[in-house]
Amino acid sequence: MSGADELDEIVSEFLVESHENLDQLDRDLVALEQEPDSRALLGSVFRTIHTIKGTSGFLGMPRLERLTHTGENLLSLLRDGELRLDPDITSALLQLVDTVRAVLADIETSGSEGDSDHDDLIGLLASLAVPSTGTAPEEPAEPADVSEVVPTSSAEPEAVEVAEACAEPAPVEPAEEASNTEPAPEPSSDPTGVFGEAEAGLIDRRRSVADSSIRVDVGLLDSMMQMVGELVLTRNQIVQHSTYQEDLGLVRASQRLDLIVSELQGAVMRTRMQPIDNVFSKLPRVVRDLAQSCGKQVRARLEGRDTELDKTVLEAIKDPLTHLTRNAVDHGIETPEERAAAGKPEEAVLLLRAFHESGQVVIEISDDGRGIDTQKVARTARERGVVSADRLAAMSERDLLSLIFLPGLSTAAAVTNVSGRGVGMDVVKTNIERIGGTVEVSTRLGVGTTIRVRIPLTLAIIPALLVSGRQGDRYAIPQANLVELVRLEPGASPSPIELVNGAPVHRLRGRLLPLVSLEEILGSGEAPDWTGFAGSTLSGDTALNVVVLQADGHHFGLVVDEVHDTQEIVVKPLDRLIKTLGLYAGATIMGDGRVALILDAVGIAQAASVIGERREQSRADDEAAATVTSDDNMMLVFTAADGRRLAVPLAHVARLEEVDPARLERTGDRHVLQYRDQLLPVLRVGDLVAGVRDGEDGEGELPVVVFADGDRRVGLAVHEIVDVVTDHVVPSSTSTRGLIGCGVIAGKVTDLLDVDQVLRHALTDLAPTDEEAAA
């Protein structure tokens, strides 16, 4: 290697590490503003600037050296307690960080430090560096010819290496450096290359740490991931082929290959995984700068900074998260005066939280600000002609919230350099959906807003469900969009398929689920005759397979011919012409070598009018038709231990469970069940309804009806689940404790349980009063 090549490598290393150190400086300076007396933070900031100054002098960068030397003088006074950090000093130091970053960018692109001497900033830093004695430290007219060490990192005081290429002895540091009282001493230059015993041990230890990690080019990681993807495809083919072989040796070898490839895939994916803190760490500076410019007091709080996801996904969400953060500070959070008038602390809190859930990464941006006024959103949408008045009248609160993602819609009172032009939220949603993610908004007026972003861990290899149509073509559905599988058996009476305004729906646990035919939406076959299905009895001689999918917060059922198994697939990009259809998210190669298209759940939902403009236009008619249909209520009928028949509307039932009675535990005067990582209160029918006797628990499974109230759950233990019945129920006008009356269901008199009382009884700590017990 030539001397020039070696120097270029040193400069490249310096640029990479300096950028990392500057990112750390951003975090430390913002944190230091909250803890101005923190010796650890002051020491870390000082060492970082000192390291950049020393290395820039060694590499012959006089402008950068002079600039950082002036900042070092100011930091030295702060570190020694002769100055106290204030907002002006913090802003000046952050300006120093930005200027150094710009100089480094010039060096990287042009090989020079640029033409500017940065005299204004140097003068500002020098004017602030006035100790309590009132005498400013003298600024050197020319930069000192300092031949210092080339660092590998400035995050720790031990992060130094000897610059073995340095041939000349370096001059002694200025006198102010001698006052350095840091616990880890800076090594002085030694012409002989021999340090003292302590310094030598320090550097040996640092080198051993550096040897344990290396930097790898991202392009190489991408290439490795592609090769692993091809290996996964080959593995799938071999495993599928060996399934039908009688050669036990081949079967064992394929199983071993399956295991090894899975482990290799996991290892390569881990090399691409990066903590979300790489994005989160830049946001406190964004919050700080924007809050100052808006005259607000905002503190950023980060949680889940170690949550990891693929580097490609991380790069894709960087800009959307930055925009959402800026939007929360500018739109969501009030001024200190407004917050004080509302009884809130003048300093607002912006929480950025990341965590893993169901194979995805969930990112929440929550503020304790003014919330979103959906009525104001509706007025703005109507005034700007984005949505018609008729459509607005038919929209729910959730639908009104979704309007903030429409292009051109902004409720800002004035256009600023931050927001107000109606550009941004639509781009955020588009970019997140492009990588297979979703965006949800929840808000409470006067309390705050939470935006929840769900994104996949990686885009290269994903788990998927394989399905096929009547023509035999196979398709893959990403597991992130999959909710559940429903099988509708032929001959079912009454038919589980209804027609609402001519569109097929299935009433799933009391909720209308729109049905979409795979053949019809892809244009690969004739549309089914839904009128033949929606009779008193489900016609046909074969079952209907319904894949329940979620898209943009809405559920719909995709009717497919056959459901196959799930497997990990390698996502291949599509040709531009196919991609414009909007129905496919990519393609993959299956184990038998055939190509399967990956379905885009959002695109299919939009094409089928499940979501989007056409769906909103027909919402009013659909809801009216659904109201008429709901007169024939679906009721869950069950019995108590004494044989008494009771029923509840199926719409109130979240789940039906069968549990071992031994799992019921007592706390106070009630039973609870450890259920899905929480305690589920469990009531008996006799606890609620007067005159009902509960028998002893048998040895079999105990049926439990689970009701839902928001995020809370309540269980009702019953004797036997009889049936789910669709019937027109007219309750009697008389009611007793625990009942809203009685009616005739399936030809038999049945008591109608008061579900509201079930929830009130279980979700409060109050037992029934004596008067209620005697009722």
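The values are calculated or read from the model by the stated rules, or taken from the named source; none is laboratory data. Predicted, not measured: the structure shown is a model, and the values here were computed from it. No Cβ is skipped: glycine too gets one built from the backbone with ideal geometry, and neighbour counts run over all protein chains shown. Side chains are part of the model used for accessible areas, which takes the heavy atoms of the whole protein and leaves out ligands, DNA and RNA. Shrake-Rupley method; radii C 1.70, N 1.55, O 1.52, S 1.80 Å.
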**Report entry** Point-to-point label distance, L574-R256, nm (Cα→Cβ direction, 7 Å offset)
**Finding:** 4.1 nm
Query raised in the report: If you count, for each residue, the other Cβ atoms within 10 Å and average over each peptide, how do 642-649, 653-660 line up from highest to lowest?
Result: 642-649, 653-660
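Can you order the peptides 714-724, 217-227 by their average number of other Cβ atoms within 10 Å per residue, highest first?
714-724, 217-227
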Report task. Work out how far the C-alpha atoms of the stretch 251-308 reach from end to end along every principal axis, then list the three figures in whole Å, largest first. Result -> 69, 15, 11
Query - Ranking by accessible area, most exposed first, for K282, K748 with a 1.4 Å probe - result: K748, K282
Query - Residue-wise HN-Hα coupling along the stretch 42-56, computed from phi with Karplus coefficients 6.51, -1.76, 1.60 (Hz; x: Gly, Pro) - result: 4, x, 5, 5, 4, 5, 5, 5, 4, 5, 4, 4, x, 5, 5
Query raised in the report: Could the peptides 247-257, 232-242 be put in order, highest first, of the mean number of other beta-carbon atoms found within 10 Å of their residues?
Result: 232-242, 247-257
Report task. Give, in nm to one decimal, the length gained when the segment between R511 and L679 is fully stretched (0.36 nm per residue of separation minus the Cα-Cα distance). Result -> 57.8 nm
Query - Cut-off under 5 Å, modelled amide H: who pairs with L309 long-range - result: Q274, I276
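What's the FRET efficiency of E13 with V749 using the Cβ-Cβ distance as r and R₀ = 60 Å, to the nearest 0.05?
Between E13 and V749 the formula returns 0.10.
Starting from 0.36 nm per residue, how many nanometres of slack lie between E315 and A267 once their C-alpha separation is accounted for?
Stretched fully, the E315-A267 segment lengthens by 15.2 nm.
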Query raised in the report: Straight-line reach from K748: which lysines have Cα under 23 Å away, leaving out those fewer than 8 places along the same chain?
Result: none
**Report entry** Residue pairs, from the table K282/K344; K53/K296; K318/K429, whose Cα atoms sit over 25 Å apart
**Finding:** K282/K344; K53/K296
Requested in this report: Under 1.5 on a/c is rounded, so check that first for the stretch 449-490, then, if it is not, pick prolate when a/b is larger than b/c and oblate when it is not; a ≥ b ≥ c are the square roots of the alpha carbon gyration tensor eigenvalues.
Outcome: oblate
Report summary line: Amide H neighbours of L739 at under 5 Å, excluding residues fewer than 5 places away on the same chain, with H built from the backbone geometry, are D754
Query raised in the report: Put K296, K572 in order of accessible area, largest first, 1.4 Å probe: what do you get?
Result: K572, K296
Query raised in the report: Around V659, which amide H atoms from residues at least 5 apart in sequence, or from another chain, sit under 5 Å from its own amide H, with H modelled in the peptide plane?
Result: L702, V704
Report task. Could I get the Rg over Rh figure for the stretch 315-372? Both from C-alpha atoms, Rh via Kirkwood, rounded to two places. Result -> 1.08
